[in-house]
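For reference, the structure is listed below as structure tokens.
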Amino acid sequence: MSELSRLYEMQMLEAKLDRLRKTLKELPVYEEFRRLQAETNEGKEAAGLVESKLEEERKNLESLELDVQEVTEESRAVQARLYSGTVTSAKELSQLETRAISLQRERKKAEDNAFLAMEAIEEMEKALASARGKQQSLMIKLHRLQKQGNLEISGLKEQIRECQEEREKLLATVSEKLLNHYRELQQRLKGKPLAPVEGEVCGGCRVSLSSNLKNRLCNPAAVVTCENCGRMLIPF
């Protein structure tokens, strides 16, 4: 293999390296991972909010149950005194009856409030179970995606490493003078300083080669440059 052919192979490897690096950088798994991670965090926050409200409602229920207990005890005490036969004053009896009626209303209201609180707690417990289930499902998906992404990333990095090693081997076989010329053209010609001859045209710019260039290409040691685009030509 001639020095130019090895240099052309290196150019192909460098193009492949650029594609691999771009593919690695733009892997869809990155965006999908960020989306799932954000969704998982939102799910965690939502579950935490429901759990916080549930805890508040449970404390509210405890307070309401205490209210029911206090009103019930007072109502029993009033009823006991009312029917004990020890109260003879008409005024006191009337006051006790009024208080008994009032306590019955208070107890009914307290029991209704406690019942509503229990219903709210039941709904919140369902919502919390649903939120936690969704969060768990998202975490499983995130873990699987991370595992899949790591495999894709590792595979691409391995390909990049292999290409770099092969490129370094080729670099060692090219003269410094030719390599410098290659680098100069590389900056000007968008990373493609060499082009194969395809039939009788330059594979880089697709312009037909002159007779003079075709004759010079017969010399394997010659470095022939396209008169149109300036690329070094590789005869095949």
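What follows is calculated from the coordinates using simple rules that are stated; it is not laboratory data. What you see is a predicted model; the values in this text were computed from it and never measured. Note that each Cβ is placed from the backbone with ideal geometry, even for glycine, and that neighbours are counted across all protein chains shown.
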Answer residue from segment 77-134, given it is in a helix (DSSP H, G or I) and among the β-branched types (Val, Ile, Thr) and is nearest to LEU64 (Cα to Cα) among those:
ILE121
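Conditions (1) touching a helix residue (DSSP H, G or I) at 6+ places or on another chain (Cβ under 7 Å); (2) farther than 30 Å from GLN135 by Cα, marked per residue:
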position	(1), (2)
SER63	no, yes
THR72	yes, yes
SER84	no, yes
SER89	no, yes
SER94	no, yes
ALA117	yes, no
Inter-residue pairs, beta-carbon under 7 Å, first in contact (Cβ under 8 Å) with a residue 24 or more places away in the chain and surrounded by 15 or more Cβ atoms within 10 Å (Cβ to Cβ) and in segment 186-211, second among the acidic types (Asp, Glu) and not in a strand (DSSP E or B), 6+ apart:
LEU209/GLU200
Of the residues in segment 119-144, how many are within 15 Å of VAL50 (Cα to Cα) and of a type in the set (A, V, I, L, M, F, W, C)?
7
Close pairs (6 angstrom Cβ cut-off, 6 or more residues apart or separate chains): surrounded by 10 or more Cβ atoms within 10 Å (Cβ to Cβ) in segment 72-95, not in a helix (DSSP H, G or I) anywhere
LEU93/VAL87
Just name the residue that is farthest from GLN37 (Cα to Cα) out of those in segment 147-163 that are loosely packed, with under 14 Cβ neighbours inside 10 Å and in contact (Cβ under 8 Å) with a residue 24 or more places away in the chain.
LYS157
